[in-house]
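Participant: Okay, here's the structure, questions in a sec.
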Amino acid sequence: MKIFVYHTPELTPTGEIPECAIAVDVLRATSTIATVLAAGGEAVQVFSDLNELTEVSEQWPAQKRLRAGERGGGKVAGFELGNSPLDCTPELVEGRRLFISTTNGTRALKRIEDAPIVLAAALINRSAVVNFLLEKQPQSVWIVGSGWEGSFSLEDTVCAGAIAHSIWQKTGLELDQIAGNDEVTSAIALYEQWQDNLIGLFHQASHGKRLLRLECVEDLKYCAQTDILDVLPLQRQPGIL
Ligand code: 3SL
């Protein structure tokens with residue numbers, strides 16, 4: 001298995017496709033997606049465009065759907081939810097489909113939706129993703145960070161590093177046998193430095209600071225936990241996990 005890390009959807013190669021592609025948006029879209037599915041959500045359907053989300057979700061029974069929209073960290077007016085995983089309780093989401101559009105995370109998922117295997121990963125479900133990779137043994141794995149509007153993000157990179165680090169440790173392979181590009185080695189180094197203080201790293205991260213200004217400190221704490229949800233957000237058809 002060769003792992004490649006790309007920091008943003010924009011840096012992800014076009015014209016080729018891996019066997020498995022993983023979108024990461026630790027703060028907060030992929031943490032929200034994992035939480036919804038772990039809480040019994042029927043599915044999560046992702047959109048880049050808010051108007052398309054509204055149109056498609058209107059064809060779904062009202063009592064069976066939830067609409068979540070985030071732009072600039074805030075909730076989109078008229079939607080039931082923003083993008084806080086803490087709002088996605090079993091009481092609210094069980095048996096319902098979440099239609100979601102966020103600034104960067106859902107865009108990353110749309111960017112990789114043509115890969116044969118597509119996953120959404122966060123720190124909270126890291127081990128479920130790692131176990132799946134170890135069992136399936138895809139030849140090529142892309143881990144695509146969402147970043148923020150085209151730029152690098154610490155939180156997505158540390159999650160990519162957490163996944164790659166675990167694969168490296170569990171397989172016992174040499175690092176260069178699994179690292180497909182330099183970004184993998186640097187993501188692992190970031191994870192090794194911060195693994196015991198991920199919340200501290202989030203406080204250094206520009207998007208972490210943005211969320212702190214929006215009083216989302218509990219979201220940061222929740223998303224900084226590792227391996228707490230045994231859930232695998234696996235795409236069943238393009239855009240639907
Ligand atoms: O950029 C995104 O997709 C979001 O996850 C951003 S936020 O954490 O909801 O502000």
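Participant: For Val144, are the conditions met, namely being modelled with pLDDT of 95 or more, in contact with a Phe, Trp or Tyr (Cβ under 7 Å, 6 or more places away or on another chain) and within 16 Å of the ligand (Cβ to nearest atom)?
Facilitator: Yes.
Participant: Then there's this: Tell me, which residue of the range 12-36 that is crowded, with 21+ Cβ neighbours inside 10 Å and away from the ligand (no atom under 16 Å from the Cβ) is nearest to the chain's Cα centre (by Cα)?
Facilitator: Checked the range 12-36; the qualifying residue nearest to the chain's Cα centre (by Cα) is Ala21.
Participant: Hey, can you tell me all the residues within the range 58-83 that are within 15 Å of the ligand (Cβ to nearest atom) and among the polar types (S, T, N, Q)?
Facilitator: Correct list: Asn83 only.
Participant: Same structure again: Where residues in the range 214-241 are out of contact with any Gly (no Cβ under 8 Å at 6 or more places or on another chain) and assigned to a helix (DSSP H, G or I), which of them is surrounded by the most Cβ atoms within 10 Å (Cβ to Cβ)? Talk me through it step by step, then tell me what you get.
Facilitator: Residues of the range 214-241 that are out of contact with any Gly (no Cβ under 8 Å at 6 or more places or on another chain), as a first pass: 215, 217-219, 221-241.
Subset that is assigned to a helix (DSSP H, G or I): 217-219, 221-223.
Numbers: Val217: 14, Glu218: 11, Asp219: 24, Lys221: 13, Tyr222: 19, Cys223: 30.
Selected residue: Cys223.
Participant: Restricting to the range 82-95, what's the tally of residues that are surrounded by fewer than 22 Cβ atoms within 10 Å (Cβ to Cβ) and either in a loop (DSSP other than H, G, I, E, B) or in contact with a helix residue (DSSP H, G or I) (Cβ under 7 Å, 6 or more places away or on another chain) (or both)?
Facilitator: Looking only at the range 82-95, we keep the residues that are surrounded by fewer than 22 Cβ atoms within 10 Å (Cβ to Cβ), and these are 82, 84, 86-87, 89-92, 94-95.
Right, trim to either in a loop (DSSP other than H, G, I, E, B) or in contact with a helix residue (DSSP H, G or I) (Cβ under 7 Å, 6 or more places away or on another chain) (or both) and you get 82, 84, 86, 89, 94-95.
Residues that pass the stated criteria total 6.
Participant: Here's another thing I want to ask about it. Is the range 111-123 home to any residue that is open to solvent by 20 Å² or more (accessible area, probe 1.4 Å) and either without any contact (Cβ under 8 Å) to a residue 12 or more places away in the chain or closer than 22 Å to Pro85 by Cα (or both)? Quick ask: steps written out before the conclusion?
Facilitator: First, the residues of the range 111-123 that are open to solvent by 20 Å² or more (accessible area, probe 1.4 Å): 111, 113-114, 116-117.
Adding the requirement that they be either without any contact (Cβ under 8 Å) to a residue 12 or more places away in the chain or closer than 22 Å to Pro85 by Cα (or both) leaves none.
Checked the range 111-123: no residue is open to solvent by 20 Å² or more (accessible area, probe 1.4 Å) and either without any contact (Cβ under 8 Å) to a residue 12 or more places away in the chain or closer than 22 Å to Pro85 by Cα (or both).
The values are calculated or read from the model by the stated rules, or taken from the named source; none is laboratory data. Everything quoted here is computed from the prediction, not taken from an experiment. As a convention, Cβ positions derive from the backbone with ideal geometry for all residues, glycine included, and neighbour counts pool all protein chains shown. Heavy atoms of the whole protein, side chains included, go into the accessibility calculation; ligands, DNA and RNA do not. Shrake-Rupley method; radii C 1.70, N 1.55, O 1.52, S 1.80 Å.
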